[in-house]
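Accompanying notes for the structure given below.
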Amino acid sequence: MKIPFRADTLGADLISVSAHKLGAPKGIGGLYLGERIRAPKPLIFGGGQESGLRSGTEATGQIAGFAKAVELRADHLDEKLAHVAAIKAYAEEKLLALDGVVRIGDGTAPHILSISLVGYPSANVVTELGAQGICISAGSACHRGQLSHVYRAMGLDKKDRRGRAACQLRPRDDERRDRRTRLRAQGAPRHALPHAVIPRFEVIMFSYLHQPKGFYKHLFLLALPVIVQNLITTSLGFLDTFMVGLLGSDQMSAVTVANVPVFIIQLVVFGLQSGSSVLISQYWGRGDRESINRVMGIGFMIAGGVSVLFAAILCAFPAQVLYLITDNLTLVELAEPYLRIVGFSYIFNSLSSIYIGMQRSIENPRFGMIVFAISMLCNTLGNYVLIFGKLGLPAFGITGAAVATLLSRVVEFVVAFSYAFRCRTMPLMKHAILRPGMDMLRKFLRYSAPVLINETLWGTGFSMITVIMGHMANSSDLIAAYTLAGNIDKLMTSGVFGIAAAVSVIVGKEIGTGNLKGVYNIGRALCFTAFAFGIVLGLTEYTMFVTLMRPFVMPLFSLSAVAERLCSVMLMCYACAIPLHSFSTTMVVGVLRGGGDVNASLVIDNFPLWCGTLPIMCLLGLVLKVPNEVFCLCLMIEYIIKSPIGLYRLHSGKWIHDITRIDE
């Protein structure tokens with residue numbers, strides 16, 4: 001009924017017709033049987049309706065609707081087809097006049113125009129036009145966003161295939177447009193207007209925030225376990241800082257300096273976790289436990305090898321490593337025994353973290369929360385006993401803090417792998433862990449390497465802030481203030497990283513299910529939500545600073561007057577930057593990585609730090625030697641630069657990549 005033909009001359013034995021293609025109700029259709037079809041066998045048996053070919057009570061209303069639709073379509077069919085062909089010719093003329101638009105195929109169907117916007121992924125074009133009320137298709141709905149076999153058979157090159165789009169034209173499109181114009185002139189409300197092309201300026205701002213019921217509740221329920229885990233870890237870490245700080249600001253600064261190389265190890269492990277989660281999540285969906293074990297095996301080997309290497313270097317050359325970070329002799333002398341011991345703790349931590357990351361990827365985030373809670377509780381109790389000499393033991397000072405950290409990581413390792421050997425959901429397979437294979441290694445490097453490089457570069461750059469401070473005047477006071485302010489800020493930003501982790505799951509899932517059209521608006525909604533959440537966190541941090549931290553908490557630390565003043569300035573900077581911090585973190589860690597855009601996230605995450613924050617800090621702190629209060633303002637620079645770059649990438653839609661799709 002869209003292309004004239006006669007069944008008896010077409011030469012077809014079977015012709016199926018979908019009623020909804022003619023404007024009839026969904027759920028009904030017709031089947032033509034040619035003369036050569038003898039005694040066809042039904043697929044559904046029962047009451048023998050439809051001459052025994054399709055049992056089941058007939059849908060009388062739908063059948064009647066189908067018949068009426070055929071009647072209406074057949075009325076003046078030639079005129080309608082000619083009219084649609086004229087519309088197609090007009091649309092084709094205007095579209096092909098645009099740069100980069102090419103026609104696909106030479107089909108003569110009057111109601112379909114297939115084009116390609118070369119260089120623009122079709123999913124992004126569909127999303128952008130859909131937001132303006134222009135409905136086009138990137139392919140058959142049956143293929144859930146994947147490339148149709150028809151396009152493959154046509155031999156299109158990759159650029160043309162990626163930009164494919166199809167426009168379906170209807171006989172009454174111009175009548176609907178004219179009617180819409182008349183109704184608007186009469187002052188009709190927007191919801192009463194028939195569907196038509198809606199210009200960009202008519203799109204309601206923030207319409208993408210209108211998501212299905214329960215969407216935002218699901219977001220925060222996913223984020224909650226990660227937020228709780230971060231709060232536990234950060235809170236107990238803050239207690240550690242508090243206990244070391246009671247020994248003096250020099251001791252607290254020494255521990256901060258010693259933790260710089262350890263922080264790099266942690267970020268390498270986090271990069272391995274984040275990268276491997278892409279593969280593990282997909283294999284979990286397929287039920288392929290052996291491949292998950294192979295991914296874990298690669299993670300164990302890389303994480304274990306890096307941590308053993310670092311531990312050996314830190315044990316053999318602690319002073320040399322510390323002199324790379326600071327030239328303050330007092331801090332080096334205090335930190336040297338701490339660094340010799342604490343490096344070994346991360347051999348155990350790196351292995352347990354890989355396993356915990358695997359459990360999180362198979363929808364068991366509570367396991368990591370429990371293990372880290374046990375570990376951090378042991379660390380806090382060990383610090384109290386060993387730093388201050390309780391339970392009849394001598395006071396070891398900051399060396400006791402290192403021993404407590406080592407013992408807590410051993411406990412963490414024992415708890416994690418005691419569970420691993422008894423876990424039935426994901427049993428360990430020794431042959432797969434010890435011999436993961438080259439194919440799996442190539443896959444691992446393909447999807448994990450950009451994330452690993454990202455985290456390593458960012459962690460190294462972030463650690464350079466402490467290095468710069470360590471070579472400035474009054475470095476001890478500056479680092480002490482930075483340590484305290486940083487720990488307080490981590491308490492507030494626990495929610496930021498929880499939201500980012502949940503966003504990564506949501507975005508990845510939407511893309512994996514083929515919702516390439518809707519995920520663009522979902523990504524924007526999630527980033528806006530993170531920004532709004534950051535405003536709330538910023539106001540909360542400022543309120544806590546004024547009412548609680550400055551009058552009651554800060555006096556408990558053995559800080560000098562200079563360190564207290566610097567700490568206050570840093571906390572104000574952190575509070576002001578939290579909205580941008582929340583947006584940029586969710587955008588990079590959640591949306592871009594969840595969307596498979598790992599290369600762009602690598603650049604956006606590191607360019608502002610390495611090309612903006614660090615050069616400015618070196619210039620102001622080491623060359624111009626500005627007052628430390630002015631230097632502290634540099635802590636906001638990274639997020640000020642990163643946010644507009646990330647916003648541009650987010651708006652472009654180019655971050656949407658279905659990495660589960662077979663390469664075209």
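The values are calculated or read from the model by the stated rules, or taken from the named source; none is laboratory data. Keep in mind that what you see is a predicted model, and the values were worked out from it rather than measured. Because the Cβ atoms are built from the backbone with ideal geometry, glycine has one as well, and the counts that use them run over all protein chains shown. Surface accessibility is based on the protein's heavy atoms, side chains included, excluding ligands, DNA and RNA. Shrake-Rupley method; radii C 1.70, N 1.55, O 1.52, S 1.80 Å.
Residue 628 fulfils the conditions (1) of a type in the set (S, T, N, Q); (2) surrounded by 21 or more Cβ atoms within 10 Å (Cβ to Cβ); (3) within 24 Å of the chain's Cα centre (by Cα) except for a single criterion, (3).
Here is a yes/no grid of residues against (1) open to solvent by 10 Å² or more (accessible area, probe 1.4 Å); (2) at pLDDT 85 or above; (3) aliphatic (A, V, I, L, M); (4) touching a helix residue (DSSP H, G or I) at 6+ places or on another chain (Cβ under 7 Å):
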position: 470; (1), (2), (3), (4): no, no, no, yes
position: 477; (1), (2), (3), (4): yes, no, no, yes
position: 484; (1), (2), (3), (4): no, no, yes, yes
position: 505; (1), (2), (3), (4): yes, no, yes, yes
position: 510; (1), (2), (3), (4): yes, no, no, yes
position: 516; (1), (2), (3), (4): yes, no, yes, yes
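Across segment 55-85, the number of residues qualifying as modelled with pLDDT of 80 or more and either of a type in the set (A, V, I, L, M) or open to solvent by less than 40 Å² (accessible area, probe 1.4 Å) (or both) comes to 9. Looking only at residues of segment 271-293 that are touching a Leu at 6+ places or on another chain (Cβ under 9 Å) and of a type outside the set (S, T, N, Q), we find that the one that is modelled with the lowest pLDDT is 275. If you check 541, 629 for being within 19 Å of residue 487 (Cβ to Cβ), at pLDDT below 90 and not aromatic (Phe, Trp, Tyr), only one passes: 541. Can residue 24 be described as exposed (fewer than 12 other Cβ atoms within 10 Å of the Cβ) and outside any helix (DSSP H, G or I)? When the stated conditions are applied, residue 24 does not pass them. A single member of 254, 258 is part of a helix (DSSP H, G or I), at pLDDT below 90, over 17 Å from residue 459 (Cβ atoms) and open to solvent by less than 10 Å² (accessible area, probe 1.4 Å), and it is 254. Screening residue 337 with (1) without any contact (Cβ under 8 Å) to a residue 60 or more places away in the chain; (2) open to solvent by 20 Å² or more (accessible area, probe 1.4 Å); (3) more than 25 Å from the chain's Cα centre (by Cα) gives one miss only, at (1). Listed by position, the helices (runs of 4 or more DSSP H) inside segment 560-664 whose residues that are hydrophobic (A, V, I, L, M, F, W, C) and under 19 Å from residue 537 (Cβ atoms) number at least 3 are 561-585. Within segment 30-44, restricting attention to residues that are part of a loop (DSSP other than H, G, I, E, B) and hydrophobic (A, V, I, L, M, F, W, C), the residue that is surrounded by the fewest Cβ atoms within 10 Å (Cβ to Cβ) is 39.
Sub-7 Å Cβ pairs linking a first residue in segment 383-407 that is on the phi > 0 side of the Ramachandran plot to a second residue that is open to solvent by 60 Å² or more (accessible area, probe 1.4 Å), at least 6 apart or interchain, are 389/395; 397/247, ordered by first then second residue. Among the residues of segment 536-586, the one identified as open to solvent by 50 Å² or more (accessible area, probe 1.4 Å), aromatic (Phe, Trp, Tyr) and under 36 Å from the mean Cα position of the chain (by Cα) is 542. Under the condition of being in contact with an Asp or Glu (Cβ under 7 Å, 6 or more places away or on another chain) and not hydroxyl-bearing (Ser, Thr, Tyr), which residue from segment 345-363 is surrounded by the fewest Cβ atoms within 10 Å (Cβ to Cβ)? That would be 348.
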